[in-house]
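The values are calculated or read from the model by the stated rules, or taken from the named source; none is laboratory data. Remember, it's a predicted structure, so these values are computed and weren't measured experimentally. Reconstructed Cβ throughout: ideal geometry from the backbone, glycine too, with neighbour counts over all protein chains shown. Ligands, DNA and RNA are stripped out before the accessible areas are found, and what is left, the full protein with its side chains, is counted by its heavy atoms. Shrake-Rupley method; radii C 1.70, N 1.55, O 1.52, S 1.80 Å.
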Amino acid sequence: MRPEIAEAVALLRGGELVAFPTETVYGLGADAANPAAAAKIFSAKGRPADHPLIVHLPSGDHMARWARDVPAEAERLAAAFWPGPLTLILKRLPDVPDAVTGGQDTVGLRVPNHPLALELLAAFDGGIAAPSANRFGRISPTTAAHVREELGARVPLILDGGPCPVGIESTILDLSRGRPVLLRPGAIGAADIARVIGHVPEMAVPQMDAPRVSGSLEAHYAPRTPLQLVSSDGLLFALRDALVAGERVAVLAPTAQAISHDLVAWRQVPADPAGCAHDLYASLRELDALGCARILVQKPPAGEIWLAVNDRLSRAAAGSGENDET
Ligand code: TXA
Ligand code: MG
(Lines give C-alpha, C1' and ligand atoms only; values in the text may rest on other atoms or scores of the structure.)
(Ligands and ions follow the chains in the order given, each with its own letter.)
Protein backbone atom coordinates (compact mmCIF):
# COMPACT_ATOMS: atom_id res chain seq x y z
CA MET A 1 0.00 0.00 0.00
CA ARG A 2 1.32 3.48 -0.82
CA PRO A 3 2.40 5.36 2.33
CA GLU A 4 -0.13 8.20 1.94
CA ILE A 5 -2.98 5.68 1.59
CA ALA A 6 -1.70 3.73 4.62
CA GLU A 7 -1.58 6.99 6.61
CA ALA A 8 -5.10 7.92 5.51
CA VAL A 9 -6.47 4.50 6.46
CA ALA A 10 -4.75 4.66 9.86
CA LEU A 11 -6.26 8.10 10.52
CA LEU A 12 -9.75 6.94 9.49
CA ARG A 13 -9.50 3.81 11.65
CA GLY A 14 -8.40 6.05 14.53
CA GLY A 15 -11.57 8.14 14.16
CA GLU A 16 -9.83 11.10 12.48
CA LEU A 17 -10.79 13.09 9.37
CA VAL A 18 -9.17 12.77 5.94
CA ALA A 19 -9.97 14.99 2.96
CA PHE A 20 -9.83 13.24 -0.39
CA PRO A 21 -10.58 13.96 -4.04
CA THR A 22 -13.58 12.56 -5.88
CA GLU A 23 -14.54 13.12 -9.51
CA THR A 24 -17.11 15.74 -8.39
CA VAL A 25 -15.59 17.79 -5.54
CA TYR A 26 -13.23 17.10 -2.61
CA GLY A 27 -14.82 15.26 0.32
CA LEU A 28 -14.16 15.54 4.06
CA GLY A 29 -14.13 11.90 5.11
CA ALA A 30 -14.63 9.96 8.32
CA ASP A 31 -15.31 6.31 9.16
CA ALA A 32 -19.08 6.09 8.52
CA ALA A 33 -19.47 3.29 11.08
CA ASN A 34 -18.01 5.47 13.87
CA PRO A 35 -20.46 8.09 15.23
CA ALA A 36 -17.74 10.04 17.07
CA ALA A 37 -15.70 10.30 13.87
CA ALA A 38 -18.73 11.42 11.85
CA ALA A 39 -19.46 14.06 14.52
CA LYS A 40 -16.03 15.58 13.84
CA ILE A 41 -17.12 16.35 10.29
CA PHE A 42 -19.91 18.59 11.56
CA SER A 43 -17.65 20.58 13.86
CA ALA A 44 -14.90 20.94 11.23
CA LYS A 45 -17.44 22.23 8.69
CA GLY A 46 -19.56 24.26 11.11
CA ARG A 47 -22.51 22.30 9.72
CA PRO A 48 -25.85 21.70 11.50
CA ALA A 49 -26.04 18.11 12.81
CA ASP A 50 -29.35 17.30 11.11
CA HIS A 51 -27.79 17.45 7.64
CA PRO A 52 -27.19 13.88 6.45
CA LEU A 53 -23.87 12.78 4.98
CA ILE A 54 -23.23 10.68 1.86
CA VAL A 55 -21.53 7.34 2.55
CA HIS A 56 -18.86 6.56 -0.05
CA LEU A 57 -18.38 2.87 -0.83
CA PRO A 58 -15.55 0.90 -2.50
CA SER A 59 -18.06 -0.87 -4.79
CA GLY A 60 -21.74 -1.53 -5.34
CA ASP A 61 -21.36 -4.85 -3.47
CA HIS A 62 -21.21 -2.84 -0.25
CA MET A 63 -24.72 -1.40 -0.75
CA ALA A 64 -26.35 -4.24 1.22
CA ARG A 65 -24.25 -3.41 4.32
CA TRP A 66 -25.93 0.02 4.61
CA ALA A 67 -29.34 -0.19 2.95
CA ARG A 68 -32.41 -2.43 3.21
CA ASP A 69 -35.28 -3.11 0.80
CA VAL A 70 -33.00 -2.07 -2.07
CA PRO A 71 -35.26 -1.70 -5.14
CA ALA A 72 -34.30 -3.26 -8.48
CA GLU A 73 -33.87 0.28 -9.88
CA ALA A 74 -31.03 0.91 -7.42
CA GLU A 75 -29.20 -2.20 -8.58
CA ARG A 76 -29.63 -1.20 -12.21
CA LEU A 77 -28.52 2.39 -11.63
CA ALA A 78 -25.51 1.26 -9.59
CA ALA A 79 -24.52 -1.16 -12.35
CA ALA A 80 -24.89 1.58 -14.96
CA PHE A 81 -23.30 4.57 -13.18
CA TRP A 82 -21.02 3.40 -10.34
CA PRO A 83 -18.30 4.33 -9.94
CA GLY A 84 -19.69 7.74 -10.87
CA PRO A 85 -21.37 10.99 -9.81
CA LEU A 86 -24.71 9.50 -8.69
CA THR A 87 -25.85 9.30 -5.05
CA LEU A 88 -28.74 6.96 -4.25
CA ILE A 89 -30.95 7.58 -1.21
CA LEU A 90 -32.13 4.24 0.18
CA LYS A 91 -33.81 2.96 3.34
CA ARG A 92 -31.07 2.49 5.90
CA LEU A 93 -30.15 -0.52 8.00
CA PRO A 94 -30.73 0.10 11.74
CA ASP A 95 -27.01 0.13 12.66
CA VAL A 96 -26.13 3.05 10.35
CA PRO A 97 -25.20 5.83 12.83
CA ASP A 98 -27.70 8.68 13.28
CA ALA A 99 -24.72 11.02 13.07
CA VAL A 100 -24.41 9.98 9.40
CA THR A 101 -28.10 10.01 8.43
CA GLY A 102 -29.08 13.11 10.39
CA GLY A 103 -31.52 10.84 12.22
CA GLN A 104 -33.46 10.05 9.02
CA ASP A 105 -34.58 6.54 8.10
CA THR A 106 -32.60 6.73 4.86
CA VAL A 107 -28.95 6.76 3.84
CA GLY A 108 -27.18 8.31 0.82
CA LEU A 109 -24.70 6.00 -0.94
CA ARG A 110 -22.29 6.41 -3.81
CA VAL A 111 -19.13 4.91 -5.31
CA PRO A 112 -16.97 7.82 -6.49
CA ASN A 113 -15.10 7.55 -9.78
CA HIS A 114 -11.66 8.84 -8.85
CA PRO A 115 -8.55 6.64 -8.72
CA LEU A 116 -7.33 8.05 -5.39
CA ALA A 117 -10.78 7.78 -3.77
CA LEU A 118 -11.18 4.22 -5.01
CA GLU A 119 -7.69 3.31 -3.78
CA LEU A 120 -8.51 4.77 -0.35
CA LEU A 121 -11.92 3.07 -0.17
CA ALA A 122 -10.52 -0.32 -1.24
CA ALA A 123 -7.75 -0.09 1.38
CA PHE A 124 -10.19 1.08 4.08
CA ASP A 125 -12.68 -1.60 3.00
CA GLY A 126 -15.66 0.21 4.53
CA GLY A 127 -17.93 3.20 4.15
CA ILE A 128 -16.45 6.71 4.31
CA ALA A 129 -18.97 9.42 5.21
CA ALA A 130 -18.03 12.60 3.40
CA PRO A 131 -19.69 15.91 2.63
CA SER A 132 -17.94 18.43 0.40
CA ALA A 133 -14.78 19.61 2.18
CA ASN A 134 -15.81 23.25 2.63
CA ARG A 135 -17.04 25.28 5.60
CA PHE A 136 -20.85 25.16 5.79
CA GLY A 137 -22.59 27.18 3.07
CA ARG A 138 -19.40 27.96 1.16
CA ILE A 139 -18.32 27.00 -2.36
CA SER A 140 -17.32 23.33 -2.70
CA PRO A 141 -13.57 22.74 -3.17
CA THR A 142 -12.34 21.29 -6.46
CA THR A 143 -8.61 21.29 -5.64
CA ALA A 144 -6.55 20.30 -2.59
CA ALA A 145 -5.53 23.95 -2.21
CA HIS A 146 -9.21 24.94 -1.89
CA VAL A 147 -9.61 22.39 0.92
CA ARG A 148 -6.59 23.87 2.71
CA GLU A 149 -8.10 27.35 2.32
CA GLU A 150 -11.44 26.17 3.74
CA LEU A 151 -10.38 23.84 6.53
CA GLY A 152 -6.63 24.24 7.09
CA ALA A 153 -5.60 22.72 10.41
CA ARG A 154 -9.11 21.34 11.02
CA VAL A 155 -8.19 18.32 8.87
CA PRO A 156 -5.04 16.29 9.65
CA LEU A 157 -4.54 14.96 6.09
CA ILE A 158 -5.56 16.16 2.63
CA LEU A 159 -4.96 13.69 -0.20
CA ASP A 160 -4.12 15.64 -3.35
CA GLY A 161 -5.54 14.16 -6.55
CA GLY A 162 -5.40 17.32 -8.65
CA PRO A 163 -8.45 19.25 -9.90
CA CYS A 164 -11.76 17.35 -9.82
CA PRO A 165 -12.82 16.37 -13.37
CA VAL A 166 -16.59 16.98 -12.95
CA GLY A 167 -16.42 20.05 -10.70
CA ILE A 168 -19.95 20.07 -9.20
CA GLU A 169 -21.55 17.71 -6.68
CA SER A 170 -23.16 14.38 -7.57
CA THR A 171 -26.71 13.91 -8.79
CA ILE A 172 -28.87 12.79 -5.84
CA LEU A 173 -31.76 10.42 -6.56
CA ASP A 174 -34.13 9.38 -3.77
CA LEU A 175 -35.25 5.76 -4.20
CA SER A 176 -36.66 5.41 -0.68
CA ARG A 177 -40.19 6.66 -1.44
CA GLY A 178 -41.45 4.03 -3.87
CA ARG A 179 -40.92 6.36 -6.83
CA PRO A 180 -37.62 7.96 -7.88
CA VAL A 181 -37.27 11.65 -6.98
CA LEU A 182 -34.37 13.79 -8.17
CA LEU A 183 -33.19 15.79 -5.13
CA ARG A 184 -30.12 17.44 -6.66
CA PRO A 185 -29.27 17.67 -10.38
CA GLY A 186 -25.73 16.80 -11.42
CA ALA A 187 -23.62 15.48 -14.27
CA ILE A 188 -25.86 12.43 -14.58
CA GLY A 189 -29.11 13.92 -15.86
CA ALA A 190 -32.77 12.88 -15.65
CA ALA A 191 -32.54 11.60 -19.25
CA ASP A 192 -29.54 9.38 -18.36
CA ILE A 193 -31.51 7.96 -15.42
CA ALA A 194 -34.58 7.45 -17.62
CA ARG A 195 -32.54 5.39 -20.07
CA VAL A 196 -31.76 2.94 -17.26
CA ILE A 197 -35.04 2.78 -15.30
CA GLY A 198 -37.43 3.37 -18.20
CA HIS A 199 -38.98 6.62 -17.01
CA VAL A 200 -38.02 10.17 -16.03
CA PRO A 201 -37.69 10.71 -12.24
CA GLU A 202 -39.88 13.26 -10.49
CA MET A 203 -38.23 16.57 -9.59
CA ALA A 204 -38.11 17.48 -5.89
CA VAL A 205 -40.09 20.48 -4.73
CA PRO A 206 -37.54 22.52 -2.74
CA GLN A 207 -39.87 23.91 -0.02
CA MET A 208 -41.70 20.64 0.52
CA ASP A 209 -38.58 18.54 0.55
CA ALA A 210 -36.41 20.82 2.70
CA PRO A 211 -34.18 20.10 4.54
CA ARG A 212 -33.77 16.85 2.62
CA VAL A 213 -33.15 18.65 -0.65
CA SER A 214 -29.47 19.34 -0.80
CA GLY A 215 -28.55 22.94 -0.50
CA SER A 216 -32.15 23.93 0.08
CA LEU A 217 -31.01 26.47 2.62
CA GLU A 218 -30.64 29.97 1.29
CA ALA A 219 -27.17 31.09 0.24
CA HIS A 220 -25.82 27.58 -0.04
CA TYR A 221 -22.75 27.19 -2.28
CA ALA A 222 -22.33 30.93 -2.05
CA PRO A 223 -19.36 33.23 -2.55
CA ARG A 224 -19.02 36.08 -0.02
CA THR A 225 -19.32 38.67 -2.77
CA PRO A 226 -22.95 39.31 -3.85
CA LEU A 227 -23.61 37.33 -7.02
CA GLN A 228 -26.01 38.54 -9.67
CA LEU A 229 -27.31 36.46 -12.58
CA VAL A 230 -27.78 38.50 -15.74
CA SER A 231 -28.63 37.99 -19.41
CA SER A 232 -25.95 38.84 -22.00
CA ASP A 233 -27.58 42.26 -22.58
CA GLY A 234 -28.11 42.68 -18.86
CA LEU A 235 -24.41 42.08 -18.34
CA LEU A 236 -23.47 45.12 -20.42
CA PHE A 237 -26.00 47.34 -18.61
CA ALA A 238 -24.87 46.11 -15.21
CA LEU A 239 -21.23 46.69 -16.16
CA ARG A 240 -22.00 50.22 -17.32
CA ASP A 241 -23.87 50.95 -14.06
CA ALA A 242 -20.99 49.60 -11.99
CA LEU A 243 -18.40 51.65 -13.86
CA VAL A 244 -20.52 54.80 -13.54
CA ALA A 245 -20.69 54.13 -9.79
CA GLY A 246 -16.94 53.50 -9.70
CA GLU A 247 -17.42 49.96 -8.37
CA ARG A 248 -15.04 47.08 -8.96
CA VAL A 249 -16.91 44.20 -10.55
CA ALA A 250 -16.10 40.62 -11.41
CA VAL A 251 -17.62 38.92 -14.44
CA LEU A 252 -18.11 35.24 -15.24
CA ALA A 253 -19.23 34.73 -18.83
CA PRO A 254 -18.86 32.27 -21.71
CA THR A 255 -17.53 35.03 -23.93
CA ALA A 256 -14.10 36.63 -24.10
CA GLN A 257 -13.56 39.83 -22.11
CA ALA A 258 -15.80 42.49 -23.70
CA ILE A 259 -14.33 45.47 -21.87
CA SER A 260 -10.85 46.18 -20.63
CA HIS A 261 -10.93 48.35 -17.52
CA ASP A 262 -9.09 48.50 -14.18
CA LEU A 263 -12.38 48.01 -12.33
CA VAL A 264 -13.36 44.87 -14.24
CA ALA A 265 -12.06 41.34 -13.52
CA TRP A 266 -13.28 38.94 -16.17
CA ARG A 267 -13.18 35.14 -16.15
CA GLN A 268 -14.29 33.25 -19.23
CA VAL A 269 -15.89 29.84 -18.69
CA PRO A 270 -16.35 27.17 -21.36
CA ALA A 271 -19.62 27.47 -23.30
CA ASP A 272 -20.57 23.77 -22.87
CA PRO A 273 -22.22 22.43 -19.68
CA ALA A 274 -19.49 19.94 -18.72
CA GLY A 275 -16.70 22.47 -19.30
CA CYS A 276 -18.59 25.17 -17.42
CA ALA A 277 -19.30 22.83 -14.46
CA HIS A 278 -15.62 21.86 -14.37
CA ASP A 279 -14.46 25.48 -14.04
CA LEU A 280 -17.43 26.94 -12.15
CA TYR A 281 -16.42 26.70 -8.48
CA ALA A 282 -12.72 27.41 -9.06
CA SER A 283 -13.63 30.51 -11.09
CA LEU A 284 -16.15 31.75 -8.52
CA ARG A 285 -13.61 31.20 -5.75
CA GLU A 286 -10.96 33.20 -7.63
CA LEU A 287 -13.36 36.06 -8.35
CA ASP A 288 -14.66 36.01 -4.77
CA ALA A 289 -11.11 36.57 -3.49
CA LEU A 290 -10.80 39.87 -5.37
CA GLY A 291 -13.09 41.78 -3.03
CA CYS A 292 -15.28 43.26 -5.79
CA ALA A 293 -18.64 44.91 -5.10
CA ARG A 294 -20.40 42.14 -7.03
CA ILE A 295 -19.91 39.15 -9.27
CA LEU A 296 -21.97 39.36 -12.47
CA VAL A 297 -22.64 35.93 -13.94
CA GLN A 298 -24.02 35.56 -17.43
CA LYS A 299 -26.88 33.13 -17.09
CA PRO A 300 -26.40 29.90 -19.07
CA PRO A 301 -29.19 28.74 -21.39
CA ALA A 302 -32.26 27.02 -19.92
CA GLY A 303 -32.85 23.33 -20.58
CA GLU A 304 -32.04 19.89 -19.22
CA ILE A 305 -28.33 19.81 -20.06
CA TRP A 306 -27.75 23.06 -18.13
CA LEU A 307 -29.95 22.08 -15.17
CA ALA A 308 -27.14 21.26 -12.72
CA VAL A 309 -25.06 24.39 -13.48
CA ASN A 310 -28.17 26.60 -13.31
CA ASP A 311 -29.14 24.99 -10.00
CA ARG A 312 -25.75 25.81 -8.42
CA LEU A 313 -25.76 29.34 -9.85
CA SER A 314 -29.26 30.14 -8.58
CA ARG A 315 -28.30 28.86 -5.10
CA ALA A 316 -25.13 30.97 -5.20
CA ALA A 317 -27.25 34.00 -6.13
CA ALA A 318 -29.91 33.32 -3.46
CA GLY A 319 -29.83 36.04 -0.85
CA SER A 320 -27.90 38.46 -3.05
CA GLY A 321 -31.17 39.99 -4.32
CA GLU A 322 -31.73 41.89 -7.58
CA ASN A 323 -31.45 39.01 -9.98
CA ASP A 324 -32.48 39.48 -13.55
CA GLU A 325 -35.25 36.96 -14.12
CA THR A 326 -35.53 37.40 -17.87
O1 TXA B 1 -20.46 14.88 -5.14
C2 TXA B 1 -20.83 14.78 -3.99
O3 TXA B 1 -21.96 14.35 -3.69
C4 TXA B 1 -19.87 15.23 -2.90
C5 TXA B 1 -18.67 14.29 -2.89
C6 TXA B 1 -17.72 14.56 -1.78
O7 TXA B 1 -19.13 12.97 -2.88
N8 TXA B 1 -20.50 15.27 -1.63
C9 TXA B 1 -21.40 16.20 -1.29
O10 TXA B 1 -21.83 16.11 0.03
O11 TXA B 1 -21.79 17.06 -2.04
P12 TXA B 1 -22.66 17.25 0.76
O13 TXA B 1 -22.82 16.78 2.16
O14 TXA B 1 -22.01 18.56 0.57
O15 TXA B 1 -24.04 17.17 0.07
C16 TXA B 1 -24.74 15.97 0.20
C17 TXA B 1 -26.18 16.23 0.32
C18 TXA B 1 -26.58 16.81 1.66
O19 TXA B 1 -26.81 18.19 1.55
C20 TXA B 1 -27.87 16.10 2.00
O21 TXA B 1 -28.97 16.97 1.90
C22 TXA B 1 -27.99 15.02 0.93
O23 TXA B 1 -26.80 14.94 0.28
N24 TXA B 1 -28.24 13.76 1.60
C25 TXA B 1 -27.36 12.92 2.16
N26 TXA B 1 -28.00 11.88 2.74
C27 TXA B 1 -29.31 12.08 2.52
C28 TXA B 1 -30.50 11.39 2.87
N29 TXA B 1 -30.46 10.27 3.59
N30 TXA B 1 -31.69 11.89 2.46
C31 TXA B 1 -31.74 13.04 1.74
N32 TXA B 1 -30.66 13.74 1.39
C33 TXA B 1 -29.47 13.28 1.77
MG1 MG C 1 -21.70 20.49 0.30
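How much of the calculated P(r) for the chain lies past 38 Å, in percent of all Cα pairs? Mind dumping the intermediate values first?
Values: 7762 of 52975 pairs.
Cα-Cα pairs in the chain separated by more than 38 Å: 15 percent.
For the chain, what's the relative contact order in percent, using C-alpha pairs closer than 8 Å and at least 6 residues apart? All intermediate terms of the calculation are to be shown ahead of the outcome.
Working: 689 pairs, mean separation 59.4, N = 326.
Normalised by residue count, the contact order of the chain is 18 percent.
How many angstrom lie between the Cα centre of the range 1-55 and the Cα centre of the range 229-285? A separation of 35 Å, based on Cα centres.
When DSSP beta bridges are limited to those with both residues in the chain, what percentage is antiparallel, rounded to the nearest 5?
Details: 16 of 40 bridges.
Looking only at bridges with both residues in the chain, the antiparallel portion is about 40 percent.
In the chain, the portion of solvent-accessible area held by carbon and sulfur atoms comes to 55 percent [1.4 Å probe, whole percent, DNA, RNA and ligands not counted]. Here the range 221-320 is treated as a Stokes sphere of Kirkwood radius computed over C-alpha pairs; at 20 °C and 1.002 mPa s its diffusion coefficient rounds to 160 µm²/s. Taking only the Cα atoms of the range 1-44, the ratio Rg/Rh comes out at 0.98, with Rh defined as the Kirkwood radius. Spin-label model, residue 231 to residue 177: label points 7 Å out along the Cα-to-beta-carbon direction sit 3.4 nm apart. Remark: the residue 244-residue 261 segment gains 4.9 nm on full extension, using 0.36 nm per residue and subtracting the alpha carbon distance.
The long axis of helix 72-81 is offset from the longest Cα principal axis of the chain by roughly 60 degrees.
What does the accessible area per residue of the chain come to in Å², with a 1.4 Å probe and no ligands, DNA or RNA counted?
Details: 13230 Å² over 326 residues.
Ligands and nucleic acids excluded, the result is 41 Å² per residue.
Within a Cβ distance under 13 Å of residue 283, other residues only, what is the Lys/Arg minus Asp/Glu net charge? Summing Lys and Arg as +1 and Asp and Glu as -1 gives 0.
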